[in-house]
Amino acid sequence: MLQSFSIELSTWDFDHYKPYIAPPTDAVQLEFSMLSPFHRLALTPLSTTPNSTIYSATFRTPDQHGIFAFKVNYKRPFLTYVEEKKQVTVRHFAHDEWPRSFRITQAWPWISGLWTIIGGFLCFVVLWLYCEPTGEARQRIKKETT
């Protein structure tokens with residue numbers, strides 16, 4: 001499952017905010033963790049607004065469900081600390097959230113096999129109920145019942 005995280009950062013410049021641009025030797029990092037970090041990613045500048053810069057990262061979550069946290073802990077001298085933490089739940093699809101099987105092309109052989117067996121069974125029942133026994137079988141049935 002792909003996850004995306006964005007954060008806006010700006011600096012105060014005397015009387016207004018301006019976009020914060022991280023120095024080239026520094027990185028704003030995102031930590032995606034449960035108990036220990038699964039991913040520690042550098043956030044890249046996505047776009048700028050008149051007052052801030054939007055940093056973003058997109059990544060694939062681990063194949064494990066639980067409660068995870070997005071953490072940004074950016075502490076630099078002479079700047080206000082940025083500590084952002086957001087908890088999210090990562091879980092698998094519930095049984096009723098998957099697409100219907102007729103939309104999944106890999107299920108078509110199974111569905112066609114199922115309908116073939118049902119059709120074959122119905123044909124067998126129709127033939128069994130509406131076919132008359134042969135002459136020998138009729139005589140044998142009469143002997144057994146008398």
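With the chain treated as a Gaussian network of Cα nodes joined by springs under 10 Å, which of L129, L46, L114 yields the largest mean-square fluctuation? In this elastic network of the chain, the residue with the biggest mean-square fluctuation among L129, L46, L114 is L129. Between V28 and L43, the built amide H atoms are under 5 Å apart, and every one of these is 5 or more places off in sequence or on another chain.
Dipole of the stretch 2-90 computed with +1 at Lys/Arg Cβ and -1 at Asp/Glu Cβ about the Cα centre; of L79, F68, P23, farthest Cα towards the positive end is F68. Computed from the Cβ-Cβ distance with R0 of 30 Å, the FRET efficiency linking D96 to A69 stands at 0.60. Computed from backbone phi, the HN-Hα couplings of the stretch 16-26 come to 7, 8, 9, x, 8, 10, 5, x, x, 8, 10 Hz, rounded to whole numbers (Karplus: 6.51 cos²θ - 1.76 cosθ + 1.60, θ = phi - 60°; Gly and Pro given as x). Listed by chain and number, the aspartates and glutamates whose C-alpha is less than 17 Å from the C-alpha of K18, apart from same-chain residues fewer than 8 away, are E8.
Take every Cα pair under 8 Å in the stretch 1-49 that's 6+ residues apart, average their separations, divide by the length, and report that relative contact order as a whole percent.
Computed value for the stretch 1-49: 22 percent relative contact order.
Return the single residue from L127, L43, L30 with maximal mean-square fluctuation; model: Gaussian network over the chain, springs between Cα atoms under 10 Å. Greatest mean-square fluctuation among the candidates belongs to L127. Under 5 Å from the amide H of H39 lie the amide H atoms of F32, each residue being 5 or more positions distant or on a separate chain, with H modelled from the backbone and absent for Pro and chain starts. Sequentially through the stretch 71-86, phi angles give Karplus couplings (6.51, -1.76, 1.60; θ = phi - 60°) of 10, 10, 10, 10, 10, 9, x, 6, 10, 5, 5, 10, 10, 10, 9, 9 Hz, Gly and Pro residues having no value and appearing as x.
So if I place +1 on the C-beta of Lys and Arg and -1 on the C-beta of Asp and Glu, and nothing else carries charge, what would the dipole magnitude of the chain be about its Cα centre? I want it in debye, nearest 20. Let's see the in-between values first.
Values: 15 positive and 13 negative charges, 118 e Å.
In debye, rounded to 20, the chain gives about 560.
Over the residues of the chain, the helix contribution to mean residue ellipticity at 222 nm works out to -8000 deg cm²/dmol, using -39500 (n - 2.57) for each DSSP H run of at least 4. Reported to the nearest whole Å, the Cα centre-to-centre distance from the stretch 13-39 to the stretch 67-134 is 37.
Stretched out straight at 0.36 nm per residue, the stretch from F121 to E83 would grow longer than its current Cα-Cα span by 7.1 nm.
Hey, any idea what the orientation-averaged projected area of the convex hull of the chain's Cα atoms comes to, in nm²? Over every viewing direction, the Cα hull of the chain projects on average to 17.9 nm². Please check: in the Gaussian network model of the chain (C-alpha springs, under 10 Å), which one of W110, W12, W128 has the largest mean-square fluctuation. Checking each option, the largest mean-square fluctuation is seen for W128.
Throughout, read-outs are computed from the coordinates displayed, never taken from laboratory work. The shown structure was predicted, so the numbers you read here are calculated from the model rather than taken from an experiment. Counting neighbours? That spans all protein chains shown, and the Cβs are built from the backbone with ideal geometry, glycine included.
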